[in-house]
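The structure appears right after this line, and notes come after that.
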Amino acid sequence: MDVTEILKSLTDTFPEVISEATAESEIRTRAYVDRKKAKEVCQYLKDSLQFDHLCSVCGVDYIKRNEFEVVYHIASYDHPVVLALKAKLPRENPQIESIVSVYWNANWYERETYELFGIIFKNHPNLKPLILPEDMLGEWPLRKDYKGFPNKTARNLV
Amino acid sequence: MAIVIPESIIPLIPWIRGIIGLLLIGIIFIGAMGAVWLERKLSADIQTRMGPCRVGKYGLLQLVADAIKLFTKEDLKPLNADSLLFNNANIFMLGSVFLMLVALPVGAVFINGVEYPLAVTQMDISVLYIEAVSALSIFGIFMVAYGSNNKYSLLGAFRNFARMVGYEVPLGITVISVAAMTGSLNIVDISSAQGLHWNIFLQPIGCFVFFVSLMADMGRLPFDQNESEEELIAGWITEYCGMRFGLGFFAEYIHMILGSFLVALLFLGGWNLPGFIANNSVLGLIAPTGFLLIKATFVLLVIIGLRWAVPRFRIDQVVDLSWKKLLPLALLNLVWAVGLGLYLGA
Amino acid sequence: MEEQLEPNEMIIHLGPQHPMQPGPFRLNLRLKGETVVDADIELGFIHKGIEKILENKTYLQGITIVDRICYLVALVNEECFVGCTEKLLGIEPPERSQYIRVILDELTRIQSHLLGMGEFGEFIGFVSMFMYTIREREEVLSLIDMITGARVTHSYLKFGGVRDDLPDGFKEKAIPVLNNLKKSVGDFEEMFHTDRIFRERTVGVGVLTADVAKNLGVSGPVLRATGVPFDIRKNEPYLIYKDLDFRVCTETAGDCFARVQVRLNEIRESIYILEQCLDQLPSGPLFPENTYYGRRTPVMRVPAGEVFHRVEDPRGEMGMYMISDGSDKPYRVKIRGPHYPTLQALPPLIIGTTVADVAAISGSMDGCTSEADR
């Protein structure tokens with residue numbers, strides 16, 4: 001399937017949900033998706049456009065814009081296109097629907113994003129810390145305003 | 001017995017027997033050390049590396065160093081371990097091999113053409129006694145595995161019982177078939193009756209079944225599920241420290257040496273030699289024992305080498321092998337042996 | 001998992017320290033006799049916080065850190081990171097550097113597969129197998145040592161090229177090693193095929209079908225053993241893989257034996273790729289012309305943007321998502337390790353099998369917990 005066909009099909013099916021859909025190259029494309037409909041878009045991708053491989057789910061902290069982003073990288077076993085779906089979340093109360101029912105291996109990715117950023121995935125079967133110890137829950141280490149990281153970098157040499 | 005014993009030393013005979021027994025225990029421990037050294041060097045050869053090579057020439061003193069290390073270790077006991085079982089399991093493990101040693105002849109001397117087997121006692125039912133007593137070690141293993149209060153050891157203990165129950169039966173049946181063909185349960189008679197026609201040629205299936213069951217009895221790879229190091233840490237002996245572990249370890253190797261002697265006596269012709277050597281006065285003293293030792297060492301090398309050449313069975317495959325494959329073969333061998341015995345006897 | 005235990009059930013921890021594991025993780029098993037009824041994994045014992053560290057180090061320092069994601073296949077991790085940065089910078093390394101990178105990647109693949117097969121043999125009790133494969137691996141590690149100067153954690157790649165050229169006479173030293181390896185792989189294959197006990201322990205154990213594997217999200221030799229020909233080197237070729245002739249090795253059975261067979265075949269394909277590379281190696285500069293990328297790149301500011309780059313790790317598909325905000329340090333790096341989804345798929349696979357099979361299945365996955373935890 002071609003990149004342009006995929007983007008056209010996506011924007012036609014979900015006109016108001018997908019915004020800023022761009023094709024960066026023959027095999028990479030990205031789009032912003034409304035956070036309330038992310039799960040339906042994923043279901044459509046898996047059923048109709050043969051995107052059956054979830055590469056990763058990660059969170060990014062844009063502290064200057066005062067929001068989080070959850071980025072889904074979805075690929076396929078048949079064609080080499082990788083789609084990056086991004087959902088913007090407010091920084092005060094970040095919540096998004098979990099996509100475990102669509103892609104089974106999103107389970108651990110979402111647990112890790114939760115414990116590193118504090119993004120809550122609703123209807124997740126088992127939202128517990130995975131990598132960090134239990135007593136570090138609530139510190140959200142990967143946020144940009146995390147105070148506990150030592151900051152010895154090469155900044156002085158530049 | 002044609003040797004005349006002077007009257008004066010008859011009251012001292014129990015003491016003499018005791019001293020000989022202690023000497024024999026010492027010798028067998030040194031033999032076990034040699035077997036461990038042999039295993040380490042042979043396994044290193046198979047795996048293209050060098051074994052112990054620094055302590056003493058060719059690493060011969062490595063086991064002495066290991067024994068010193070084991071003696072000086074702290075003896076730890078888990079908090080909730082059952083003291084009675086935990087402390088006394090070594091008695092069963094070592095006791096079973098020493099009781100085996102009592103009746104097993106380790107050689108023979110020929111004086112004036114008469115054969116004197118070198119055994120501590122001569123029993124009429126010695127082969128049955130040896131096999132029965134070798135099954136006592138299972139109690140020791142189960143005591144330590146169950147009394148350790150450790151789930152890994154417990155899994156090892158359950159696997160152990162399943163294995164032992166399955167393999168005692170073919171072992172006993174092959175031993176009985178050899179005894180039935182010879183007509184006597186005395187191991188000296190079985191060994192002497194072989195002459196040039198060793199039992200391995202007369203009962204090849206029996207020898208094969210006996211060898212496999214013996215490996216399973218001793219708990220050697222591919223049958224060492226109870227101590228499979230990768231799944232169960234160290235299996236049944238996880239919680240033993242210091243010399244307790246050392247005694248269990250040595251008990252296994254002594255069992256291996258005695259098992260190889262048993263194979264040599266029952267199936268490989270014992271110490272039988274052509275008549276002209278036996279009637280010679282000097283050779284008659286040392287050749288039969290030497291010949292038996294050579295055969296036993298050969299069997300020992302096969303047992304050691306097999307451990308490093310194959311992977312390990314799963315426990316359900318082990319049980320399957322014993323009940324569905326070895327038991328019918330052993331029964332077949334029994335029928336064959338009885339028929340052969342009647343034919344030869346007639 | 002901790003609900004009411006029945007009388008003959010028990011919970012056992014194949015805990016953080018166990019001879020059977022390739023790295024520390026806790027596997028809680030609920031056993032009924034010897035059969036596994038329920039399983040659960042806890043990670044985090046070797047979490048190093050690499051993603052947070054990378055946000056506070058420059059890109060050049062990041063190469064050394066990315067080595068440590070999985071210390072055994074360090075060069076492939078570096079390849080992913082350097083590939084991401086080069087895409088953001090908009091440069092491409094010259095041909096000679098690309099060939100050298102492919103040579104190192106394939107050597108890493110060979111030594112990782114040898115170690116994986118040896119460990120698998122050890123987990124089912126075949127200790128001699130471990131010694132034989134480790135001995136072959138030593139030769140390959142000497143070759144890598146000759147080029148990069150280290151056996152693990154090399155820090156050899158640079159943006160736009162590699163740190164040093166190949167040493168003189170490398171091809172003459174490499175060809176005998178590769179020929180010896182071809183013979184050894186033949187010996188190993190014969191050993192696996194004719195050993196009756198090995199076949200009984202591995203054939204039919206831990207079977208994955210293609211649909212289940214795709215659903216669980218696994219990749220790498222585990223997926224290729226079920227029949228799905230998914231290989232990043234063919235799907236989206238990077239470096240010079242589009243010019244090389246090799247095939248994707250698949251099997252159809254999906255059990256532990258098939259995975260070992262796939263790894264053996266991949267070693268053969270890697271040897272073939274190496275021979276082609278050594279023949280076709282062009283001469284030329286190591287870094288792009290008329291740029292300041294070279295051995296002395298002190299500090300560089302990467303233009304703002306984001307990129308997702310994937311490479312074929314010996315264990316599967318490794319990806320990195322890098323966001324740059326125009327400064328000299330990355331804004332966010334997300335590392336997608338290949339063993340993470342495979343480890344997640346382990347509990348559903350082992351339910352219903354015995355404890356001995358847990359060792360066999362987990363060994364055939366050939367994992368590295370260090371990259372699952374990062």
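The values are calculated or read from the model by the stated rules, or taken from the named source; none is laboratory data. None of the values given here were measured: they were computed from a predicted structure. As a convention, Cβ positions derive from the backbone with ideal geometry for all residues, glycine included, and neighbour counts pool all protein chains shown. The accessibility values were calculated without ligands, DNA or RNA, using every heavy atom of the protein model including side chains. Shrake-Rupley method; radii C 1.70, N 1.55, O 1.52, S 1.80 Å.
Mind checking whether some residue in region C:179-198 is among the hydroxyl-bearing types (S, T, Y), open to solvent by 60 Å² or more (accessible area, probe 1.4 Å) and within 14 Å of another protein chain (Cβ to nearest Cβ)?
Checking region C:179-198: at least one residue is among the hydroxyl-bearing types (S, T, Y), open to solvent by 60 Å² or more (accessible area, probe 1.4 Å) and within 14 Å of another protein chain (Cβ to nearest Cβ).
Give me a count of the residues in region A:65-75 that are more than 9 Å from chain C (Cβ to nearest Cβ) and either polar (S, T, N, Q) or free of Cβ contacts under 8 Å to residues at least 40 places away in the same chain (or both).
Adding up the residues that qualify gives 6.
Determine which single condition C:P285 fails, assuming it passes every other condition in (1) within 14 Å of another protein chain (Cβ to nearest Cβ); (2) surrounded by fewer than 20 Cβ atoms within 10 Å (Cβ to Cβ).
(1)
Taking helices (runs of 4 or more DSSP H) that fall entirely within region C:53-150, which contain at least 3 residues that are among the charged types (D, E, K, R) and either within 14 Å of chain B (Cβ to nearest Cβ) or surrounded by fewer than 22 Cβ atoms within 10 Å (Cβ to Cβ) (or both)?
Once the helices (runs of 4 or more DSSP H) in region C:53-150 are filtered for at least 3 residues that are among the charged types (D, E, K, R) and either within 14 Å of chain B (Cβ to nearest Cβ) or surrounded by fewer than 22 Cβ atoms within 10 Å (Cβ to Cβ) (or both), what remains is C:95-123, C:127-148.
Given (1) more than 14 Å from chain C (Cβ to nearest Cβ); (2) touching a Pro at 6+ places or on another chain (Cβ under 6 Å); (3) surrounded by fewer than 20 Cβ atoms within 10 Å (Cβ to Cβ); (4) of a type outside the set (S, T, N, Q), where does B:V310 come up short, assuming only one miss?
The failed condition is (1).
If you go through region B:169-212, how many residues are open to solvent by 20 Å² or more (accessible area, probe 1.4 Å), aromatic (F, W, Y) and within 19 Å of the chain's Cα centre (by Cα)?
The qualifying residues number 2.
Please determine, by comparing only the residues of region B:147-158 that are open to solvent by 10 Å² or more (accessible area, probe 1.4 Å) and touching a residue at least 12 places away in the same chain (Cβ under 8 Å), which one is farthest from the other protein chains (Cβ to nearest Cβ).
Ranking the qualifying residues of region B:147-158, first place goes to B:N149.
State whether one or more residues within region C:346-357 are open to solvent by less than 10 Å² (accessible area, probe 1.4 Å) and within 11 Å of chain A (Cβ to nearest Cβ).
There is no residue in region C:346-357 that is open to solvent by less than 10 Å² (accessible area, probe 1.4 Å) and within 11 Å of chain A (Cβ to nearest Cβ).
One line per residue, one yes/no per condition, for (1) crowded, with 20+ Cβ neighbours inside 10 Å; (2) among the hydrophobic types (A, V, I, L, M, F, W, C); (3) more than 25 Å from B:I176 (Cβ to Cβ):
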| position | (1), (2), (3) |
| --- | --- |
| B:A89 | yes, yes, yes |
| B:F98 | no, yes, no |
| B:P105 | yes, no, no |
| B:Y129 | no, no, no |
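Give C:V248, C:V222 a once-over and let me know the one that is aliphatic (A, V, I, L, M), within 19 Å of C:I110 (Cα to Cα) and open to solvent by 10 Å² or more (accessible area, probe 1.4 Å).
After ruling out the rest, the residue left standing is C:V248.
Examine region C:20-40 for a residue that is surrounded by fewer than 20 Cβ atoms within 10 Å (Cβ to Cβ), touching a helix residue (DSSP H, G or I) at 6+ places or on another chain (Cβ under 9 Å) and within 12 Å of chain A (Cβ to nearest Cβ), and state whether such a residue exists.
Yes, some residue in region C:20-40 is surrounded by fewer than 20 Cβ atoms within 10 Å (Cβ to Cβ), touching a helix residue (DSSP H, G or I) at 6+ places or on another chain (Cβ under 9 Å) and within 12 Å of chain A (Cβ to nearest Cβ).
Mind telling me which of the residues B:L283, B:L273 ends up being open to solvent by 70 Å² or more (accessible area, probe 1.4 Å), in contact with a helix residue (DSSP H, G or I) (Cβ under 9 Å, 6 or more places away or on another chain) and at pLDDT below 85?
B:L283
Scan region B:71-87 for residues that are open to solvent by less than 40 Å² (accessible area, probe 1.4 Å) and over 30 Å from B:I130 (Cα atoms) and jot them down.
B:P78, B:A81
Just one of C:Q280, C:Q261 is closer than 30 Å to C:F159 by Cα and among the polar types (S, T, N, Q); which is it?
C:Q280
Just give me the residues in region B:128-168 being under 30 Å from C:H13 (Cβ atoms) and assigned to a loop (DSSP other than H, G, I, E, B), in sequence order.
Listed by number, the residues that qualify are B:S148, B:N149, B:N150.
When you look at B:G341, is it open to solvent by 10 Å² or more (accessible area, probe 1.4 Å), over 17 Å from B:C207 (Cβ atoms) and of a type outside the set (F, W, Y), yes or no?
no
Just to verify a result, which residue in region A:80-100, among those that are within 12 Å of another protein chain (Cβ to nearest Cβ) and over 14 Å from the mean Cα position of the chain (by Cα), is least open to solvent (accessible area, probe 1.4 Å)?
Of everything passing the filter in region A:80-100, A:V81 is least open to solvent (accessible area, probe 1.4 Å).
Mind counting the residues in region C:86-101 that are more than 17 Å from the chain's Cα centre (by Cα) and under 25 Å from C:R151 (Cβ atoms)?
6
How many residues does region C:323-345 contain that are within 11 Å of chain A (Cβ to nearest Cβ) and in a strand (DSSP E or B)?
Number of matching residues: 6.
Restricting to region C:179-205, name every residue that is β-branched (V, I, T) and assigned to a helix (DSSP H, G or I).
Once the filter is applied, which keeps residues that are β-branched (V, I, T) and assigned to a helix (DSSP H, G or I), region C:179-205 yields C:V185, C:T194, C:I197, C:T202.
Based on this model, can you work out whether B:S184 counts as of a type in the set (S, T, Y), at pLDDT 80 or above and over 22 Å from B:M256 (Cα atoms)?
So B:S184 passes the test.
Tell me which residues, restricted to region A:10-51, are within 9 Å of chain C (Cβ to nearest Cβ), part of a strand (DSSP E or B) and touching a helix residue (DSSP H, G or I) at 6+ places or on another chain (Cβ under 9 Å).
A:R28
Among the residues of region C:199-216 satisfying the criterion of being more than 10 Å from every other protein chain (Cβ to nearest Cβ), open to solvent by 10 Å² or more (accessible area, probe 1.4 Å) and in contact with a Gly (Cβ under 8 Å, 6 or more places away or on another chain), which is farthest from B:D224 (Cα to Cα)?
C:T209
Any residue at all in region B:139-146 that's farther than 30 Å from B:W336 by Cβ, over 18 Å from the mean Cα position of the chain (by Cα), within 14 Å of chain C (Cβ to nearest Cβ) and surrounded by 19 or more Cβ atoms within 10 Å (Cβ to Cβ)?
Yes - at least one qualifying residue is present in region B:139-146.
Which one of A:L142, A:L132, A:L116, A:L54 is in a loop (DSSP other than H, G, I, E, B), in contact with a Pro (Cβ under 9 Å, 6 or more places away or on another chain) and either at the interface with another protein chain (Cβ under 10 Å from one of its Cβ atoms) or open to solvent by less than 10 Å² (accessible area, probe 1.4 Å) (or both)?
A:L132
Name every residue in region A:79-92 that is in contact (Cβ under 8 Å) with a residue 60 or more places away in the chain and not in a strand (DSSP E or B), in order of residue number.
Of everything in region A:79-92, those that are in contact (Cβ under 8 Å) with a residue 60 or more places away in the chain and not in a strand (DSSP E or B) turn out to be A:H79, A:V81.
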